[in-house]
Amino acid sequence: MIFQGSGCLTLIRDELINSTLLKNWQMNEGSFPELKFAGKQLDMPALYRAVMDQGIICSSLVCNGVVDQCSLQLMVISDSSFSNSSFISTQLRGSHIRNTSFYGGSFRGCSGPRLKMDSVRLKNFAMIEPEISHGVLNSICAVNSSFAADHPSGITGLKHTNISDSLFMGCHISGTFFAFSHLDRCVFLNCVFSHVDWDLTEREDVIFLGCQGNPSGMDNLPYVPSRPEGSWVKFEEEILCG
């Protein structure tokens, strides 16, 4: 089903009321604000230059989706799962993603000033050249994922962002991804760091185990810190993120 332009908003809202399975939805070049996807299954959705600010996605499953050059500002995404879904050059200013999983897929060239992520699981996921600033990332569990900020200008990455109580395992991290940010109570297991300038990153209670490219003096510390209650997204159960 193809929705072209803002004139389709009423039809979209009717479909959201009447349907649980939304297959092959395309929403193109229109303003579709404050839509709520609750308890939906979206199979192969495609959004192109769509404005969906202040919307809600909750308790939903999204498979093989593409979100290209869209605006998802001030959006709430919670208790949902995304499988093999890609976000490309999309605006996420002020949005909040919580208790949500991303298996496969990517964020590429997305912008997210004041983005919040809580209890988010990433597996085989790629976050490439994001422009995220003044954000808060808490209880992130990332496995076999890649995080790259290699733009020559140095403007990409997580700038002035707090990352806390998080686990990165088997990940590849390059460039200025963590530059000018604060890492607190984070653990990196068997990760590879390429061309990372750690002098630009504030670190507090950060552990590196079996990693390559650690900060000077932080090679393979032989212990894992105790975990505060509720941190690390139920580490024992989520060590492989599902």
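The values are calculated or read from the model by the stated rules, or taken from the named source; none is laboratory data. Note that the structure is predicted; figures quoted are calculated from it, not measured. Backbone-built Cβ (ideal geometry, glycine too); neighbour counts: all protein chains shown.
Restricting ARG114, ARG93, ARG121 to residues that are over 22 Å from GLY30 (Cα atoms), in a loop (DSSP other than H, G, I, E, B) and among the charged types (D, E, K, R) narrows the list to ARG114. Beta carbons closer than 8 Å, at least 6 apart along the sequence or on distinct chains, pair a first residue in the range 12-38 that is on the phi > 0 side of the Ramachandran plot and among the acidic types (Asp, Glu) with a second that is surrounded by 12 or more Cβ atoms within 10 Å (Cβ to Cβ) and part of a loop (DSSP other than H, G, I, E, B) for GLU29/GLY5; GLU29/ARG49; GLU29/ALA50; GLU34/ASP53; GLU34/GLN54; GLU34/GLY55. Within the bounds of the range 214-227, is there any residue that is at pLDDT 70 or above and either over 17 Å from SER146 (Cβ atoms) or part of a loop (DSSP other than H, G, I, E, B) (or both)? Yes: the range 214-227 contains one or more residues that are at pLDDT 70 or above and either over 17 Å from SER146 (Cβ atoms) or part of a loop (DSSP other than H, G, I, E, B) (or both). The single residue among SER139, SER119 that is out of contact with any Cys (no Cβ under 9 Å at 6 or more places or on another chain), buried (at least 22 other Cβ atoms within 10 Å of the Cβ) and in contact (Cβ under 8 Å) with a residue 60 or more places away in the chain turns out to be SER139.
When the range 35-70 is examined, which residues are found to be crowded, with 21+ Cβ neighbours inside 10 Å and small (Gly, Ala, Ser)? If the condition is that a residue be crowded, with 21+ Cβ neighbours inside 10 Å and small (Gly, Ala, Ser), then ALA50, SER60 are the ones that fit. Kindly indicate whether SER101 is under 20 Å from MET27 (Cα atoms), at pLDDT 95 or above, of a type in the set (Gly, Ala, Ser) and buried (at least 19 other Cβ atoms within 10 Å of the Cβ). For SER101, the condition - under 20 Å from MET27 (Cα atoms), at pLDDT 95 or above, of a type in the set (Gly, Ala, Ser) and buried (at least 19 other Cβ atoms within 10 Å of the Cβ) - is not met.
Evaluated against (1) farther than 22 Å from HIS134 by Cβ; (2) touching a Leu at 6+ places or on another chain (Cβ under 7 Å), GLN91 falls short on exactly one condition, (1). Close Cβ contacts (under 6 Å, 6 or more residues apart or on different chains) running from residues in the range 66-95 that are over 15 Å from ARG108 (Cα atoms) to residues that are surrounded by fewer than 23 Cβ atoms within 10 Å (Cβ to Cβ) and among the acidic types (Asp, Glu) comprise GLN73/ASP53; LEU74/ASP53. Screening the range 144-204 for strands (runs of 3 or more DSSP E) wholly inside it with 1 or more residues that are over 15 Å from the mean Cα position of the chain (by Cα) and either hydrophobic (A, V, I, L, M, F, W, C) or under 21 Å from ASN124 (Cα atoms) (or both) returns the ranges 162-169, 172-175, 182-189, 192-194. Return the residue satisfying two criteria in turn: it lies in the range 4-30 and is of a type in the set (Ser, Thr, Tyr) and loosely packed, with under 13 Cβ neighbours inside 10 Å, and of such residues it is nearest to PHE82 (Cα to Cα). By that ranking, first place goes to THR20.
The set of residues in the range 137-161 that are at pLDDT 95 or above, more than 20 Å from SER86 (Cα to Cα) and not hydroxyl-bearing (Ser, Thr, Tyr) contains only ASN138.
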